[in-house]
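Written below as structure tokens is the structure these notes are about.
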Amino acid sequence: MASQSSTGKYLNVDVPYSGLFAPNPLKYLDPEKITVRDVDFGGFTYKEFLLWLRNLINGSCDNVYYCSRKETLGEGIIRIDSDADYWEFVEATYTPEAELDVYIDHQNDPILDWDENEVLSDGNGYDLDDNEEEDDNEEEDHKEEEDGSDEDDNLDDIMAYEHEVDEEVYTFNKTVGDDF
């Protein structure tokens with residue numbers, strides 16, 4: 001397949017494909033899986049890797065990701081989208097005790113957005129940033145109560161509104177009677 005590795009080490013990689021990614025927590029559901037042994041990924045270029053992967057799974061592989069088996073998908077998934085990304089993947093494959101899976105996304109899902117949201121989540125479906133804002137708002141409410149300030153004074157600052165037009169505007173056709 002590929003030439004002898006400069007490191008002299010080949011690795012085993014699982015390639016789950018034909019599945020679906022699902023968020024919260026990020027998972028790859030109902031995949032078919034191929035285990036690949038003795039492939040020198042360092043002997044491929046990014047385009048050769050994609051071609052090899054397409055032939056391996058007999059299908060398209062527009063969105064390719066990899067993740068260490070030692071991490072959850074939400075913590076460690078990385079997209080392979082360019083030559084630079086591919087060479088980072090190759091470097092990761094030749095680290096001691098590398099155990100990697102290569103995932104194929106066939107649905108063009110926003111995997112990295114889901115991944116980012118999962119990392120920011122506190123496990124209950126709430127973003128940590130939202131909770132911090134709520135705590136800040138509670139502190140401000142307590143300060144206002146202590147100050148004795150009137151809530152109605154700040155109502156315009158808090159509530160945004162949009163002005164609606166009361167009447168419909170009719171435009172008249174200036175070319176009445178013209179053949180155009």
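The values are calculated or read from the model by the stated rules, or taken from the named source; none is laboratory data. For clarity, every value in this text was computed on a predicted model and none was experimentally measured. Cβ sites come from the backbone with ideal geometry, for glycine too, and all protein chains shown count toward neighbours.
If I filter the stretch 72-83 down to residues being modelled with pLDDT under 85 and of a type outside the set (A, V, I, L, M), which single residue comes out as surrounded by the most Cβ atoms within 10 Å (Cβ to Cβ)? That would be G74.
State which residue is nearest to A92 (Cα to Cα) when the search covers only the stretch 35-58 and only residues that are at pLDDT 85 or above and exposed (fewer than 15 other Cβ atoms within 10 Å of the Cβ). By that ranking, first place goes to T45.
Residues in the stretch 20-33: is at least one at pLDDT 85 or above and either surrounded by 13 or more Cβ atoms within 10 Å (Cβ to Cβ) or farther than 14 Å from T93 by Cα (or both)?
Taking the stretch 20-33 as the starting set, the residues that turn out to be at pLDDT 85 or above are 33.
Within this subset, residues satisfying the condition of being either surrounded by 13 or more Cβ atoms within 10 Å (Cβ to Cβ) or farther than 14 Å from T93 by Cα (or both) are 33.
The answer is yes, given that some residue of the stretch 20-33 is at pLDDT 85 or above and either surrounded by 13 or more Cβ atoms within 10 Å (Cβ to Cβ) or farther than 14 Å from T93 by Cα (or both).
Of all residues in the stretch 84-118, those satisfying the criterion of being of a type in the set (A, V, I, L, M, F, W, C) and at pLDDT 70 or above are A84, W87, F89, V90, A92, A98, L100, V102, I104.
Could you please find all residues in the stretch 20-39 being part of a strand (DSSP E or B) and closer than 16 Å to V64 by Cβ? Answer for the stretch 20-39, where residues must be part of a strand (DSSP E or B) and closer than 16 Å to V64 by Cβ: L20, F21, Y28, E32, K33, I34, V36, V39. Of the residues making up the stretch 56-83, those that are farther than 14 Å from N108 by Cα and small (G, A, S) are G59, S68, G74, G76, S82.
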